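Before any comments, here is the structure.
The values are calculated or read from the model by the stated rules, or taken from the named source; none is laboratory data. Because the structure is a prediction, the values reported are computed rather than measured. Note that each Cβ is placed from the backbone with ideal geometry, even for glycine, and that neighbours are counted across all protein chains shown. These accessible areas exclude ligands, DNA and RNA; they are computed on the full protein's heavy atoms, side chains included. Shrake-Rupley method; radii C 1.70, N 1.55, O 1.52, S 1.80 Å.
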Amino acid sequence: MRTAGRFLASSFVMMFAAGPVQIALAAEAIMLRAGEATGPNAVFAFDKEAKPHRIEVRTTQVGVAGSRIEVFVDKAKTPAFSHLFAAAECKFGDSGSKCEVVVPASNRAYAAILAQFKRGHLARVTVDDAGAMKMDQTVSLKGFTKSLR
């Protein structure tokens, strides 16, 4: 697993009315963060250096086994990404819960996420822990979409 320090060293923060968005550019990944930098958040890391390409979806302080993460781009009726976290994908430690799933380029969801993030303006990221905890954050894809090209 990559260290957060490597990503934070080359990141910049943009503020929008919908909330803070953090886009980090690193040699190995382009990241989009929805939520708080030091609190509940979800990160989409587009790893173009990995063979094969992949998207790593990580949540921090939100999400446990059985939680659903969904991403709707603009006003789409179906999500660009929807996933129910399995027990093997989530851990709980001193800093709270963390879940991670890898979407390889061979998965249909990879192309759907990439295409909708490139064309979209806003992404709504929701993580629902069966009613116990919920993160619902809308972020702008404006600066992010340029970094994917």
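Key figures for this structure:
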read-out: Student exercise, segment 50-118 dipole from Lys, Arg, Asp, Glu Cβ charges, in Debye to nearest 20; value: 240 debye
read-out: Relative packing of 74-86, 50-62, 108-120, which averages over residues the other C-beta atoms within 10 Å, highest first; value: 50-62, 108-120, 74-86
read-out: Reachable lysines from Lys48, criterion Cα separation under 17 angstrom, eight or more residues apart if same chain; value: Lys118, Lys146
read-out: List Thr38, Thr126, ordered by accessible area with a 1.4 Å probe, largest first; value: Thr38, Thr126
read-out: Portion, in percent, of the accessible area of segment 91-140 that falls on carbon or sulfur, probe 1.4 Å; value: 53 percent
read-out: Distance (nanometres) between label positions extended 7 Å along Cα→Cβ at Ala105 and Leu84; value: 3.1 nm
read-out: Pairs beyond 18 Å (Cα-Cα), from Lys75/Lys142; Lys77/Lys142; Lys75/Lys134; value: Lys77/Lys142; Lys75/Lys134
